[in-house]
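Chemist: Before I ask anything, here is the structure I am working with.
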Amino acid sequence: MMDRAHLAWPFFEERHRALASELDAWCSANIRHAHGDVDAECRALVKQLGAAGWLRHAIAGVSCGGTTDAIDTRSICLLRETLAWHHGLADFAFAMQGLGSGAISLHGTAEQRERYLPRVARGDAIAAFALSEPNAGSDVAAMTCAAHANGDDYIIEGEKTWISNGGIADFYVIFARTGEAPGARGISAFIVDADNPGLEIAERIDVIAPHPLARLRFHDCRISASLRIGEPGQGFKIAMQTLDVFRTSVAAAALGFARRALSEGLQRATSRQMFGQRLADFQLAQAKLAQMATTVDSAALLTYRAAWQRDQGANVTREAAMAKMAATEGAQQVIDAAVQLFGGEGVRSGQVVESLYREIRALRIYEGATEVQQLIIAREMLKESALLERGPHYPATGEQT
Ligand code: COS
């Protein structure tokens, strides 16, 4: 059972506390780790999470099957933290339904929302977010995948890579260059169904913590202009706004992994005997546990500050970046310390801390590597200090701009 003391914090409402407790109990009763076919396990988890109603929190719009009309960041974060505590792939399955449909929740037309969101919320359609390219990872604006207008259609040419759910998704939200302006201002967002002619899975990618991942190739891929999300040229901003929500939730997932490692480490330290006493009786082990607990709490504070602030309607670009950086980097340290407390057992395949050790690594890279978060935080600070120098009538940090 998870430590839930932080639910008493003022960031949360009663409905959030109930949600986290219900999901924790549901996971204990229903989540089983399968070994083998990761695609099949992921598909099954999406179905299971959909049938139980949890995916309703991943989308926005009550009329489309969501629980709220606007994305509730705190709910998404609490759900991810709890799922990650229990099972990394369950967290992944939930998160990708949200990230993959996030641009439709935020900017989709009524028709797009009705066609895609209810299926995502029920777990009947698997969603994916396709932004990165072989030569445009951190530098998104350097993307070359292009969508050329052609009558009432667009024709897409190019590649996307590191696409989570690639190979099992039913549709992809992709970002492609439409050329209204150079760089970030010349990109648009589109929905491409997985069975659309001209879209193929060019490569499946294996990683240290297995989950469905692929490189996609688009060649003469014709889609209706009605599948463009938002205005032409707005794709970069749509991607960034989606990431403002889901980067905070990556922090929450890291927090779930770290909390689980702390709980495992504590159990180990209080049960392992050595030199005639418990491991926990050594001050060196106590120092480790103290550092782990402090790192977990500081990550939690930053994560739920960002989530709460976004739910108040504020801009959270800086806060989301801080949360993602601190929680993922901190979780890596907490998990490493837990492995150390376990000694040789900590690296045995199948141990919880061993799988956490593999699970956490990618979170420091995807949805904006730590170095990108540092860049974002510094830029936001510099922007704010320039505004302050120019006078008091400019909006302060925290106000929507
Ligand atoms: N919300 C809304 N608009 C945003 C925004 C946000 N969070 N962040 C940037 N923008 C806007 C800017 O205001 C700017 O608008 P104008 O053209 O009107 O001035 C525009 O978008 C371009 O922004 P910027 O100049 O900052 O773009 P850069 O090319 O310098 O990109 C970084 C900056 C590095 C922050 C961006 O490329 C990034 O986040 N990279 C990491 C990508 C990532 O997370 N990849 C993982 C994919 S998912 S696994």
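Chemist: If I ask for residues that are among the basic types (Lys, Arg) and open to solvent by less than 60 Å² (accessible area, probe 1.4 Å), which ones from segment 1-47 would you list?
Modeler: Arg17 - this is the single residue of segment 1-47 that is among the basic types (Lys, Arg) and open to solvent by less than 60 Å² (accessible area, probe 1.4 Å).
Chemist: So, of the residues in segment 131-167 that are part of a loop (DSSP other than H, G, I, E, B) and near the ligand (Cβ under 9 Å from one of its atoms), which turns out to be least open to solvent (accessible area, probe 1.4 Å)?
Modeler: Per the stated criteria, the residue is Leu131.
Chemist: Residue by residue through segment 203-231, note down the ones that are closer than 30 Å to Ala314 by Cα, within 14 Å of the ligand (Cβ to nearest atom) and in contact (Cβ under 8 Å) with a residue 60 or more places away in the chain.
Modeler: Within segment 203-231, just Gly230 meets the criteria.
Chemist: Give segment 254-277 a look and list any residue that's open to solvent by less than 20 Å² (accessible area, probe 1.4 Å) and either within 13 Å of the ligand (Cβ to nearest atom) or aromatic (Phe, Trp, Tyr) (or both), or say none.
Modeler: Phe257 - this is the single residue of segment 254-277 that is open to solvent by less than 20 Å² (accessible area, probe 1.4 Å) and either within 13 Å of the ligand (Cβ to nearest atom) or aromatic (Phe, Trp, Tyr) (or both).
Chemist: Still on this model: Report yes if some residue within segment 255-266 is within 15 Å of Tyr172 (Cβ to Cβ), at pLDDT 95 or above and assigned to a helix (DSSP H, G or I); otherwise report no.
Modeler: The answer is no; no qualifying residue exists.
Chemist: Pick out the one residue from Gly158, Gly88, Gly151 that is under 18 Å from the mean Cα position of the chain (by Cα) and at pLDDT 95 or above.
Modeler: The conditions single out Gly88.
Chemist: Here's something else I'd like to know. Restricting attention to segment 168-188, which residues are away from the ligand (no atom under 16 Å from the Cβ), closer than 21 Å to Leu106 by Cβ and not in a strand (DSSP E or B)?
Modeler: Asp170
Chemist: I'm told Val372 meets every condition in (1) within 15 Å of the chain's Cα centre (by Cα); (2) within 11 Å of the ligand (Cβ to nearest atom); (3) of a type in the set (A, V, I, L, M); (4) surrounded by 16 or more Cβ atoms within 10 Å (Cβ to Cβ) except one. Can you identify the failing condition by its number?
Modeler: Single failed check for Val372: (1).
Chemist: Quick one: which residue in Ala331, Ala299, Ala306 is open to solvent by less than 40 Å² (accessible area, probe 1.4 Å) and within 16 Å of the ligand (Cβ to nearest atom)?
Modeler: Answer to the selection: Ala306.
Chemist: Between residues in segment 123-138 that are among the aromatic types (Phe, Trp, Tyr) and residues that are crowded, with 22+ Cβ neighbours inside 10 Å, which pairs lie under 6 Å by C-beta distance while being six or more apart or on different chains?
Modeler: Phe129/Leu99; Phe129/Gly100; Phe129/Val173
Chemist: Tell me, please, whether a residue that is surrounded by fewer than 24 Cβ atoms within 10 Å (Cβ to Cβ), in a loop (DSSP other than H, G, I, E, B) and away from the ligand (no atom under 16 Å from the Cβ) can be found in segment 105-115.
Modeler: yes
Chemist: Report yes if some residue within segment 287-302 is without any contact (Cβ under 8 Å) to a residue 40 or more places away in the chain and of a type in the set (D, E, K, R); otherwise report no.
Modeler: No, because not a single residue in segment 287-302 is without any contact (Cβ under 8 Å) to a residue 40 or more places away in the chain and of a type in the set (D, E, K, R).
The values are calculated or read from the model by the stated rules, or taken from the named source; none is laboratory data. All figures in this text were calculated on a predicted structure; none of them were measured in a lab. Here the Cβ is made from the backbone with ideal geometry for all residues, glycine too, and neighbour counts use every protein chain on show. For accessibility, only protein heavy atoms count, side chains too; no ligands or nucleic acids. Shrake-Rupley method; radii C 1.70, N 1.55, O 1.52, S 1.80 Å.
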